[in-house]
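No lab work stands behind these numbers, since they all come straight from the coordinates. Owing to the predicted nature of the structure, the values given are computational and were not obtained by experimental measurement. Virtual Cβ from ideal backbone geometry, glycine too; neighbours counted across all protein chains shown.
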Amino acid sequence: MGGPFALDRWLLLFSDFSVFAQGFGITLLVSLFALLLALFSGVIFGLFSMTAFGLPKAVSRVYVEFFQNTPLVIQIFFLYNALPYTGIKLDLITIGVVGVGLYHGAYVAEVVRAGILSIPKGQLEAANSQGFSYIQSMAYIILPQTTVIILPPLANQAVNLIKNTSVLALVAGGDLMYRADSWASNGSLSYGPAYIVTGALYFILCFPLTRWARRFEERLKTREHLIVPKEAAEEGAGE
């Protein structure tokens, strides 16, 4: 073959594009279920971090600090290499879902915590004065408002999660990155086209989420700018 980006290399890639399509499907599958796990664990531990009870708050901090301060690669290697010695052996897709999902769940928990803190404390106090329990106050008063605020950072977490599924390539996870690298190293050595196409497929997944998060955040800022002058005008009229 010619140079690293010669036409015959591209033709060979597209003739074997099913390899990349299969990896893309695995990446989508792992990303979807890992995101669901990250949202579930993130909301739970985010709520734990805001309780007045010591044990749930301590458990939340341990979870967040551990997963934020250890590399995702080590966590994946632990699930793949070390966990089987305890008698628990997970398939590669489950390793990806659990590893990536729990890792990003720690970041989602911090996003949820920050969102709850952005709501004025008076609203929680008012709910408590009306006889709402902590769970009811969160479910009916705080979380509905928090959800709108945290959507942009959650979308950014989803983008990072999708990209981090590529760590499965280190344990032959069958994901997009693993399929691309295996295909390129299997005789043709067409790494240039393989990595370009792989990057483009990740871009197709991530770019719409990034754009949506940016535009949604801009709309929130615009709405805040419209609300604040209106409230100021009403206060001035009252005086």
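If you put +1 on each Lys and Arg Cβ and -1 on each Asp and Glu Cβ, how big is the dipole of the chain around its Cα centre, in Debye rounded to 20?
The calculation lands at about 200 debye.
For the chain, with the dipole built from +1 on Lys and Arg beta-carbon atoms and -1 on Asp and Glu ones, taken about the Cα centre, which of THR165, PRO56, PHE20 lies farthest toward the positive end?
PHE20
Tilt of helix 191-238 relative to the longest C-alpha principal axis of the chain, in degrees (0 to 90, nearest 10)?
The two axes meet at around 10 degrees.
Could you work out how far the C-alpha centroid of the range 204-224 sits from that of the range 59-92, in angstrom?
Computed from Cα coordinates, the inter-centre distance equals 32 Å.
By how many nm would the segment from TYR140 to GLN123 lengthen if fully extended, with 0.36 nm per residue of separation less the alpha-carbon distance?
5.0 nm
Do any chymotrypsin sites (Phe, Trp or Tyr not before Pro) in the range 9-75 lie in a loop, going by DSSP, with at most 16 other beta-carbon atoms within 10 Å of their beta carbon, and if so which?
Taking the range 9-75 and a limit of 16 other Cβ atoms within 10 Å, the loop chymotrypsin sites (Phe, Trp or Tyr not before Pro) found are PHE53.
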